[in-house]
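A short worksheet on the structure shown next.
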Amino acid sequence: MTVLEQLPERSRVAIIRLRSLGDCVLTTPALSLLKRARPDLEIGVAVEAPFTTVFEGLQSVSAILAPAWRVVRAWRPSLCVNLHGGNRSQWITAFSGAKWRAGFAHHSMTLAYNFKIPRAQRILYVNRVVHTAEHLASAFFALGVPISDVPRAELSASDSPIQGRYAVFHPFASAPEKEWPAERFCEVARYLKLWNITPVFLVPPGVDPSPFRAHDVFQGTLSQAKAVLSKASAFIGNDSGPAHIAAAFGVPSVVLFSTSNPAIWGPWRTESQIIVAPEGLQTVNVSRVITAVERLRTLEKAHA
């Protein structure tokens, strides 16, 4: 009998996610699968404040919890699943009060777990690199969710404040080596204007937007950024959290990768063109990105 089969009706399941943006977005397919398998369950996600908006408004999520063991314990989960694996998440899991405490067996510490989840390849019966969305979903397959295709990420968004056809550019990333030069993004933006598509540069709050002053710039909260991304005609950007948000809304995407493996972190379940430059994004010229944009079937049809 699986753990899921042993959970009483209307049990609570605490998911320890903590961070970061892309990981949070790619957790939502797994939550959708869990809710589909057991609609009666209440699912709570323990997540750091900057990323709570990822889980807001989702049908699969009943509660968003502060990432503290006392908060999780007070919520009284029957099952606690640690998807993060760091020291703090281990302590939260250990003191969650849950009868079942699950986490991946390859985590650096596993003493908190009384159910250790094998690697995704073993669960999915595959001998290949698995995408992060598959890896996270595999935890719930191990717990008793029927194995099936992993769906697109689930996000909610308000109406976009931008009207008309526009493409979102995101020229930022978590590390300098993952960023294509800003001036080259601007050259691609000028090209898209020929297609009557308005380039909109998504710039984080507090960051100088002046390199993109020749184009529309949007600076707002993560919730507002979700709204903008949800209605975009295309996304063009570096490997980053917003790329995963765009994919969640089915936005055709061109994503540039340097140090990360796109087989693990590529856009999930959306039309996309991937540009990989392990030797450095400085080596990627503008024409290569424009060619990738032109290969997006959605934009091809619109341009025709």
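Which numbered condition in (1) under 16 Å from the mean Cα position of the chain (by Cα); (2) more than 21 Å from residue 108 (Cβ to Cβ) is the only one that residue 83 fails?
Against the list (1) under 16 Å from the mean Cα position of the chain (by Cα); (2) more than 21 Å from residue 108 (Cβ to Cβ), residue 83 comes up short only on (2).
Of all residues in the range 250-265, which are within 16 Å of the chain's Cα centre (by Cα) and not hydrophobic (A, V, I, L, M, F, W, C)?
Those that are within 16 Å of the chain's Cα centre (by Cα) and not hydrophobic (A, V, I, L, M, F, W, C): 250, 252, 253, 260, 261, 262.
Determine, yes or no, whether residue 127 is more than 19 Å from residue 143 (Cβ to Cβ) and at pLDDT 95 or above.
Yes.
Check whether at least one residue in the range 96-115 is among the polar types (S, T, N, Q), assigned by TED's automatic domain parsing to the domain that holds residue 138, over 20 Å from residue 142 (Cα atoms) and modelled with pLDDT of 95 or more, and report yes or no.
Yes, the range 96-115 contains a residue that is among the polar types (S, T, N, Q), assigned by TED's automatic domain parsing to the domain that holds residue 138, over 20 Å from residue 142 (Cα atoms) and modelled with pLDDT of 95 or more.
How about the range 111-161: which of its residues are surrounded by 17 or more Cβ atoms within 10 Å (Cβ to Cβ) and acidic (Asp, Glu)?
Answer for the range 111-161, where residues must be surrounded by 17 or more Cβ atoms within 10 Å (Cβ to Cβ) and acidic (Asp, Glu): 134, 154.
Run residue 269 past the list (1) over 29 Å from residue 154 (Cβ atoms); (2) out of contact with any helix residue (DSSP H, G or I) (no Cβ under 6 Å at 6 or more places or on another chain) and report the number of the one that doesn't hold.
(1)
Evaluate the range 249-271: report whether one residue or more is small (Gly, Ala, Ser), over 23 Å from residue 291 (Cα atoms) and modelled with pLDDT of 95 or more.
The answer is no, given that none of the residues of the range 249-271 is small (Gly, Ala, Ser), over 23 Å from residue 291 (Cα atoms) and modelled with pLDDT of 95 or more.
Those residues that are β-branched (Val, Ile, Thr), free of Cβ contacts under 8 Å to residues at least 60 places away in the same chain and farther than 18 Å from residue 1 by Cβ, I need them from the range 117-145; list them, please. Give the derivation first.
As a first pass, look at the range 117-145 and keep what is β-branched (Val, Ile, Thr): 117, 123, 126, 129-130, 132, 145.
Add one more test, that the residue is free of Cβ contacts under 8 Å to residues at least 60 places away in the same chain, and what stays is 117, 123, 126.
If the condition is that a residue be β-branched (Val, Ile, Thr), free of Cβ contacts under 8 Å to residues at least 60 places away in the same chain and farther than 18 Å from residue 1 by Cβ, then 126 is the only one that fits.
With the condition being surrounded by 21 or more Cβ atoms within 10 Å (Cβ to Cβ), I'd like the helices (runs of 4 or more DSSP H) fully within the range 196-287 carrying at least 2 qualifying residues.
Numbers: elements: 222-230, 241-248, 262-265.
Qualifying helices (runs of 4 or more DSSP H): 222-230, 241-248.
Residue-wise test of (1) touching a helix residue (DSSP H, G or I) at 6+ places or on another chain (Cβ under 9 Å); (2) under 27 Å from residue 246 (Cβ atoms); (3) at pLDDT 95 or above.
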{"site": "21", "(1), (2), (3)": "yes, yes, yes"}
{"site": "26", "(1), (2), (3)": "yes, yes, yes"}
{"site": "41", "(1), (2), (3)": "yes, no, yes"}
{"site": "50", "(1), (2), (3)": "yes, yes, yes"}
{"site": "79", "(1), (2), (3)": "yes, no, yes"}
{"site": "87", "(1), (2), (3)": "no, no, no"}
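Being within 26 Å of residue 226 (Cα to Cα) and either aromatic (Phe, Trp, Tyr) or outside the structural domain of residue 261 (by TED's automatic domain parsing) (or both): is that true of residue 152 here? I'd like the intermediate steps shown before the answer.
Values: within 26 Å of residue 226 (Cα to Cα): yes; either aromatic (Phe, Trp, Tyr) or outside the structural domain of residue 261 (by TED's automatic domain parsing) (or both): yes.
Yes; evaluated as a whole, the condition is true for this residue.
Name every residue in the range 36-64 that is crowded, with 20+ Cβ neighbours inside 10 Å, over 20 Å from residue 140 (Cα atoms) and more than 15 Å from the chain's Cα centre (by Cα), in order of residue number.
Within the range 36-64, none qualify.
Restricting the search to the range 162-195, which residues are surrounded by 14 or more Cβ atoms within 10 Å (Cβ to Cβ), charged (D, E, K, R) and within 16 Å of residue 281 (Cα to Cα)?
178, 179, 184, 187
Please find, within the range 1-19, the residue that is surrounded by the fewest Cβ atoms within 10 Å (Cβ to Cβ) out of those that are modelled with pLDDT of 95 or more and basic (Lys, Arg).
10
Among 215, 244, which is the only one that is touching a Cys at 6+ places or on another chain (Cβ under 9 Å) and closer than 15 Å to residue 54 by Cβ?
Selected residue: 244, the only one of 215, 244 that is touching a Cys at 6+ places or on another chain (Cβ under 9 Å) and closer than 15 Å to residue 54 by Cβ.
Could you tell me whether residue 258 is in contact with a helix residue (DSSP H, G or I) (Cβ under 8 Å, 6 or more places away or on another chain) and under 22 Å from residue 151 (Cα atoms)?
Taking the combined requirement at face value, the residue does not satisfy it.
The values are calculated or read from the model by the stated rules, or taken from the named source; none is laboratory data. In this text the structure is predicted, and so the values were computed from the model without any measurement. So basically every Cβ, Gly included, is an ideal-geometry build from the backbone, and we count neighbours across all protein chains shown.
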